[in-house]
1. Pick from Gly136, Gly90, Gly98: which is surrounded by 13 or more Cβ atoms within 10 Å (Cβ to Cβ) and either part of a helix (DSSP H, G or I) or modelled with pLDDT under 85 (or both)?
2. Just one of Glu32, Glu50 is touching a residue at least 12 places away in the same chain (Cβ under 8 Å) and outside any helix (DSSP H, G or I); which is it?
3. Would you check which residues across region 151-173 are part of a loop (DSSP other than H, G, I, E, B) and either modelled with pLDDT of 85 or more or buried (at least 17 other Cβ atoms within 10 Å of the Cβ) (or both) and list them?
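The values are calculated or read from the model by the stated rules, or taken from the named source; none is laboratory data. Here the structure is a predicted model, which means the values were calculated and not measured. All Cβ positions, glycine included, derive from the backbone under ideal geometry; neighbour counts span all protein chains shown.
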Amino acid sequence: MHNRTLLATMLLASLTTGAAQAQMSKDQYNAETRRINTRYAEDKKLCADENNSGARMQCLRDAKTAYDKALTQAKTAYQSKPGACHGECGKVTSVVLGEKAGESSSLGLIAGGVAGALLGNQVGSGHGRQVATLAGAAGGAYAGKKIEEKAKASKQWTVNVRYDNGREASFLFDHDPQMLSGDRVEHVNGTIVRR
């Protein structure tokens, strides 16, 4: 089910960026069809991970529908008349996928501390047991904090752009922006969209 949600997000992003395209050259059209084909292949791989055969088939149907729609939009953009850039336009210089660290809460700290204290309490006797319990609590709290941060980590895409006037900028996305190095983009309402 997680894959279907991810797929739906990717499909929505591709349809949104596809609708924003005004006109493209033959080279841009060829690059766009390659990108669409690559995305479709990735979507099919995601669908293969579905446990339920019904969900897998629905995922494949959704992926094919999005693929067909994206190809139609690319063809329409290629055949449309050139449009002027109404804002700042430029070219994507790189797209970097990174991981945004998750934030920990007191829950991970407390749960780890309690688990560490319980384990430390099993070691030694007398004063040694007390020291082991304290050391276990401290180590467990740290481990619990790190485990929670890792569990809450998320992917983050950084799109670097060089505008036609030479200025450079970076934009952060918490979803795949469906952009590749070399794509033409326009700065609109504080973000960028492919042209």
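1. Just a single option satisfies the conditions, and that option is Gly136.
2. Result of the check over Glu32, Glu50: Glu50.
3. Result: Asp164, Asn165, Gly166, Arg167.
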